[in-house]
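The values are calculated or read from the model by the stated rules, or taken from the named source; none is laboratory data. A quick note: this is a predicted structure, and the numbers were derived from the prediction, not measured. Virtual Cβ from ideal backbone geometry, glycine too; neighbours counted across all protein chains shown. Side chains included, ligands, DNA and RNA excluded: accessible areas come from the protein's heavy atoms. Shrake-Rupley method; radii C 1.70, N 1.55, O 1.52, S 1.80 Å.
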Amino acid sequence: MEINRREIFRYLGYGATPPDEATAQLAEQCLRDLEQHAACKSVHRIFPLTREEDTLYFGGLTVTSRNLGKNLRGCSEIVLFAATLGPAVDRLIARYSHMQMSRAAVMQAAAAAYIEEYCDTCQLEITAQAHARGLFVRPRFSPGYGDFSIEYQPALTRVLDTPRRIGLTVTEGMALVPGKSVTAIMGLSPTDEKCHIAGCEACAKLDCAFRRS
Ligand code: SF4
């Protein structure tokens with residue numbers, strides 16, 4: 001996987017400013033460590049979608065969210081998706097935070113870019129399979145985004161059986177374990193909106209009726 005370095009420095013708050021040499025080298029070191037320790041795993045299932053207004057029904061679940069409802073308008077099915085980098089990355093971050101907080105901050109940012117890149121890779125595969133069925137994928141929409149509550153995490157991970165399939169669990173506080181993990185819903189629509197892989201925030205279609213905002 002080719003990790004976008006700009007994303008790492010964006011997570012670190014550099015914006016358009018290039019990082020200093022020491023931070024750039026530290027990011028490369030972190031990426032080498034992630035290559036060695038990350039155990040990327042994902043699982044997804046496709047379900048028919050039915051709805052009443054912004055109450056959505058899929059996979060035996062009932063989810064109420066105006067923002068997710070808007071993003072899924074025109075979709076006949078959804079992809080329920082989960083991915084993780086595995087527990088070794090959490091241990092790496094913990095070890096770094098004992099050594100040097102700045103190192104841990106760069107590792108956090110590198111791991112965040114790593115899991116996003118891995119999710120993009122998985123989404124491209126899902127997109128190719130959907131295209132073969134004449135369907136088009138909307139961007140990943142994760143619990144905690146807009147009014148899509150994180151309280152849905154246990155139900156989503158249960159439907160995907162993530163503890164057994166990829167070693168991903170949810171704490172009572174609704175945090176995902178391992179820490180560098182993602183759950184998300186992607187709509188499948190018969191119309192091609194030419195969605196941006198990085199989501200609505202990176203997409204130029206400001207007037208899109210399905211834009212998550
Ligand atoms: S704003 Fe762009 S990425 Fe978001 S739903 Fe519309 S076309 Fe897709």
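Place the peptides 196-202, 113-119, 169-175 in order of packing, highest mean first, counting for every residue the other Cβ atoms within 10 Å and averaging per peptide.
Working: 196-202: 14.3, 113-119: 21.1, 169-175: 12.4.
Sorting 196-202, 113-119, 169-175 by mean packing, highest first, produces 113-119, 196-202, 169-175.
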Exercise. Can you tell me how much longer the chain between Ala175 and Glu21 gets when fully stretched, taken as 0.36 nm per residue apart minus their C-alpha distance, in nm with one decimal?
Key: 52.0 nm
Quiz prompt | Histogram of C-alpha separations across the stretch 40-198, 5 Å bin width, % | solution = 2, 9, 18, 20, 20, 15, 8, 5, 3, 1, 0
Self-check item: Carbon + sulfur, % of accessible area of the chain - ligands and nucleic acids excluded, 1.4 Å
Solution: 53
Exercise. Using label points projected 7 Å from each Cα along Cα→Cβ, tell me how many nm separate Gln100 and Leu206, to one decimal.
Key: 4.2
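For the chain, what does the helix formula give at 222 nm: sum of -39500 (n - 2.57) over DSSP H segments with n ≥ 4, over the residue count, nearest 500 deg cm²/dmol?
Numbers: 7 runs with 88 residues, N = 213.
Here the helix-only value at 222 nm equals -13000 deg cm²/dmol.
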